[in-house]
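Read the structure below first, then the notes.
None of the figures in this text is laboratory data; all of them are computed from the coordinates on show. Nothing here was measured: the structure is a model prediction, and the numbers come from that model. Methodologically, a virtual Cβ is constructed for each residue, glycine included, from the backbone with ideal geometry; neighbour enumeration extends over all protein chains shown.
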Amino acid sequence: MKTVVVSQRVDNYAERNEIRDAIDQKLTLWLSQAGYIVIPVPNQLALVSTAPEIGFHDWINNIKPNAILLSGGNDIGEFIERDNLERALLAYASHLKIPVLGLCRGMQMMAVVAGVELKPVAGHVRKRHRLKGQITDEVNSYHNLALSQCPTDYTVLASSEDNQIEAIQHQHLPWQGWMWHPERELIFSEQDTQRLKALFK
């Protein structure tokens, strides 16, 4: 079975004096049902000062993932350790041409790394809308930021009815970004699963 490294959101529980990495159980379920072994990556690996013994490169070179998924949750800039970790994952994937799927914030990170700014968008939180373009599914929406433009070296796969970019594909690497959350569907979409398998083949 192929292994997929998945980035995690950061949750700060100040009343407990705890900062936790977290991943939606339904995301691991979606990936597992699609046939992948899920390996969450600790955000602390990107902070050299707090993880001097085993840093990101030692960890990733031992894992040798077949694919990488950048998960949703958190805004970019909210937790620097997660931002740094996902930048390192993208650099690693670019060097080895490893497949990457970015979901919601994950797609935003792909765009930001490519030099694109994000912009506020209304009407995209806890909504459903139909896509247009190469993907025409009805999808969920949980984001209040959108891409200001298509990143260089990417192609738009789908847009929303109000012309916001909802899916992108890299022109030279096996990378895609989706602004929806396949794991939040009551019944996982077969179309999403087939797209995942085609990308991670």
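In straight-distance terms, cross-link reach from LYS97 covers every one of the aspartates and glutamates whose alpha-carbon lies under 17 Å from its own, apart from those fewer than eight places away in the same chain; here that gives GLU86, ASP153. Placing pseudo-labels 7 Å out from each Cα toward the beta carbon at ARG128 and ASP162 gives an inter-label distance of 1.8 nm.
Quick note on the stretch 116-201: its Rg to Rh ratio, both from C-alpha atoms and Rh being the Kirkwood radius, is 0.94.
Here the scattering of the stretch 66-159 is modelled by Debye summation over its C-alpha atoms, one equal scatterer each and no solvent; at q = 0.15 Å⁻¹ the log10 of I(q)/I(0) is -0.62.
As a calculated quantity, the FRET efficiency between GLN149 and ARG87 at R0 = 22 Å, using C-beta atoms, amounts to about 0.65. By DSSP, the beta bridges lying fully in the chain are antiparallel in about 60 percent of cases.
Taking the average, over residues, of other Cβ atoms within 10 Å as the packing measure, peptides 86-97, 181-192, 159-170 rank 159-170, 86-97, 181-192 from highest down. Summing charges over neighbours of ARG82, with a neighbour being any other residue whose Cβ is under 14 Å away from its Cβ, gives -3 when K and R count +1 and D and E count -1.
Highest average first, the peptides 141-153, 63-75 ordered by how many other beta carbon atoms sit within 10 Å of their residues are 63-75, 141-153. Counting every pair of alpha carbons in the stretch 1-108, the share spaced more than 22 Å apart comes to 28 percent. Rounded to two decimals, the Cα radius of gyration of the stretch 2-199 over 2.2 N^0.38 Å is 0.98.
Taking the alpha-carbon distance from LYS26 and a cut-off under 21 Å, which lysines remain once sequence neighbours fewer than 8 residues away in the same chain are dropped? LYS26 reaches LYS2, LYS127, LYS197. Residue order for LYS2, LYS201, fewest other beta carbons within 10 angstrom first, comes to LYS201, LYS2. 3J(HN,Hα) couplings calculated from phi for the stretch 136-144 with the Karplus curve 6.51 cos²θ - 1.76 cosθ + 1.60 (θ = phi - 60°) are, in sequence order, 10, 6, 8, 10, 7, 8, 9, 10, 10 Hz; Gly and Pro show x.
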